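Have a look at the structure below, then the notes.
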């Protein structure tokens, strides 16, 4: 109202203002029409084709290009970023969803998620937190979070600051902020990503990196995420992904022959992280039940790390079997009885950790565990994941609760573990 009165006084003082008003009004009308036109083109495409159809066309290109590849997931990881360079990060993830709908062998797209968010973050490193907030929940094993973090703090993007100067920016970064309200799983993924970052910040000094994990205040809110930070730091040594990763650890590689000796220098949780994250050195062995038992047996002197090794490795083999339920069931049932329940339960939770759309298949794993009398551990794990992985009020959470047997279903709906 105050603006209207003031403006009318100005009109009265100078009649030329009337022409200004007419011009301004026409400009607004033209701008609105143009915005509507562009918006319609965005929704319809240049030739009346919907954006969804455009994204389908891109997905079809990726599927066609990779159809004869020996290992299609790796092909998609490389091809989708090329095909989606000119569209938004959100649309690139939508293309990924479409590919997954048509190729059930591509649920694990962590590397792709990493690449897409890194590309988005590179546009403006100072906006990396907003990229994290825009990352899709429940797909690509939260690779999007990793990519944004790592791109922001990769070696050539870091200012010449000391660790002590960078640390304040990292403390609390895994807590809710700037429109980001993370699930327990997303907070855990964030802490794991911090572990990768500590290696970049310390120029791959594993002792300093894990010490930095201790200083990032990850022990709070009723949870301790420090172990996940250790995992990320050691993973950087054993699982480099791109040329920058390989360059970071050059001269510090660990071989299968000296893996045990290398990890022996660490204690407790750090030693456990070192051993379990070195699984790529023993891949052939851990894909056999007896081999995995022997691998984790190296941690038997530490009961906590021994049990944690099995949980970590069951996550690994589930992905290595490309989420093939038959292979997972055969593997878990081939283990000693005391490990079968943990195997089935962690395989089931790995499915929904990878993608929320895999709820049905996750519950099917637990149903299969009933044949071997270990279903309780499996359903209990899904009950925990119902709140750790999903946000309250989501369709995916309702779907999971609905699929669980009576008893677990009621507790799931009531939010009780």
Could we say that residue 138 is out of contact with any strand residue (DSSP E or B) (no Cβ under 8 Å at 6 or more places or on another chain), surrounded by 20 or more Cβ atoms within 10 Å (Cβ to Cβ), in contact (Cβ under 8 Å) with a residue 24 or more places away in the chain and in a loop (DSSP other than H, G, I, E, B) here?
yes
Considering each of 250, 256 in turn, give the residue that is loosely packed, with under 15 Cβ neighbours inside 10 Å, free of Cβ contacts under 8 Å to residues at least 24 places away in the same chain and either touching a strand residue (DSSP E or B) at 6+ places or on another chain (Cβ under 6 Å) or not in a helix (DSSP H, G or I) (or both).
250
Looking for whichever is at pLDDT 95 or above and closer than 24 Å to residue 73 by Cα here; the options are 365, 352. Which one fits?
365
Could you list, ordered by first residue, the pairs with Cβ atoms under 7 Å in which the first is in segment 200-211 and in contact (Cβ under 8 Å) with a residue 40 or more places away in the chain and at negative phi and the second is outside any helix (DSSP H, G or I) and surrounded by 15 or more Cβ atoms within 10 Å (Cβ to Cβ), at least 6 apart or interchain?
200/153; 200/154; 201/153; 208/202
Based on this model, can you work out whether residue 312 counts as assigned to a helix (DSSP H, G or I), modelled with pLDDT under 95 and within 24 Å of the chain's Cα centre (by Cα)?
no
Residue that is surrounded by the fewest Cβ atoms within 10 Å (Cβ to Cβ) [pool: residues in segment 67-78 that are free of Cβ contacts under 8 Å to residues at least 24 places away in the same chain and touching a helix residue (DSSP H, G or I) at 6+ places or on another chain (Cβ under 6 Å)]
69
Does any residue of segment 281-290 turn out to be buried (at least 19 other Cβ atoms within 10 Å of the Cβ) and over 24 Å from residue 207 (Cα atoms)?
yes
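The values are calculated or read from the model by the stated rules, or taken from the named source; none is laboratory data. Keep in mind that this is a model prediction, so the values were computed, not measured. Here Cβ is always computed from backbone atoms with ideal geometry, including for glycine, and neighbour counts include all displayed protein chains.
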